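These notes concern the structure reproduced below.
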Amino acid sequence: METTRILPYYEWSRNRPARPTLSKERFAMATRTDNEIRELTPEQGQQLLDDKARQYLGISGEEFRTRWEAGEIDADDEPDVMRVAMLLPLAG
């Protein structure tokens, strides 16, 4: 069963009001079509890390882990770094 929800979008800035105000032009639509939870084995987690590191950063998962732990990669460099870094716990 497909569920569609409309979520308010709040524009955040330094001058934002204490309570966000809704504007009719600022809505984001989220569609949830799959609510399945999959558990990954450590091997599957490593494969996912490797796939996403190659897709987003062009390096292997092992190289990403090594450089991340050495502090050579900064999470603020680009959003894709954090996407891959969040997978590290899955890879054991």
Given N residues in the stretch 42-91, what is its alpha carbon radius of gyration divided by 2.2 N^0.38 Å? 0.99
Radius 13 Å from Cβ of Gly71, net charge of other residues (Lys, Arg +1; Asp, Glu -1): -3
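Bear in mind these aren't lab numbers, they're just calculated from the coordinates by the rules spelled out. Keep in mind that this is a model prediction, so the values were computed, not measured. For neighbour counting, all protein chains shown are included, and Cβ atoms are generated from backbone atoms with ideal geometry for every residue, glycine included.
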